[in-house]
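Here the structure is laid out as structure tokens; the discussion comes afterwards.
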Amino acid sequence: MRWYILGERERWRNGQFVTVAEARDELTATLVRDYLLEHQIDALMAPVSLVSQLWHFSPAARVWVHIDDLPAAVELLQQLRTEWQEA
């Protein structure tokens, strides 16, 4: 699975929401989003097709969270990355 946690300079912000992760395919982005949802972080996913239409330079799916949940989301995603590396 190809995904990564976005650094501060890579994050997009739209109102009260910010991107926290990017995946090369929608299935992986869905798994990342669902992991956050299972841990009580409200997360959304913009599909590859939508992201490509809005931002032509990014052929990836992005996971969005509320700005207030950003620190917790990043921490959870770091745990997820470790879990998937160990598997």
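All of the numbers you see were taken from the coordinates with simple rules; none came from a lab. Because the structure is predicted, anything quoted here is derived from the model rather than measured. Don't worry about glycine lacking a Cβ; one is built from the backbone with ideal geometry, like all the others, and counts go over all protein chains shown.
Would you tally the net charge around LEU6, using a Cβ to Cβ cut-off of less than 13 Å, leaving LEU6 out, and scoring K and R as +1, D and E as -1? Display every interim value, and only then the final one.
On the way: positive: ARG9, ARG11, ARG13, ARG62, ARG81; negative: GLU8, GLU10, GLU22.
Net charge around LEU6: +2.
What list of ³J(HN,Hα) values in whole Hz, one per residue of the stretch 26-35 in order, does the Karplus curve 6.51 cos²θ - 1.76 cosθ + 1.60 (θ = phi - 60°) give from phi, with Gly and Pro shown as x?
My calculation for the stretch 26-35 gives 5, 4, 5, 4, 5, 5, 5, 4, 5, 4 Hz in order.
Any idea which of LEU27, GLY7, PHE17 is furthest toward the positive side of the dipole for the stretch 1-50, if Lys and Arg beta-carbons carry +1 and Asp and Glu beta-carbons -1?
GLY7
Each residue of the stretch 73-86 in order: what ³J(HN,Hα) in whole Hz does its phi give by Karplus 6.51 cos²θ - 1.76 cosθ + 1.60, θ = phi - 60°, with x for Gly and Pro?
Going residue by residue, I get 5, 4, 4, 5, 5, 5, 5, 4, 4, 5, 4, 6, 6, 6 Hz, with x marking Gly and Pro.
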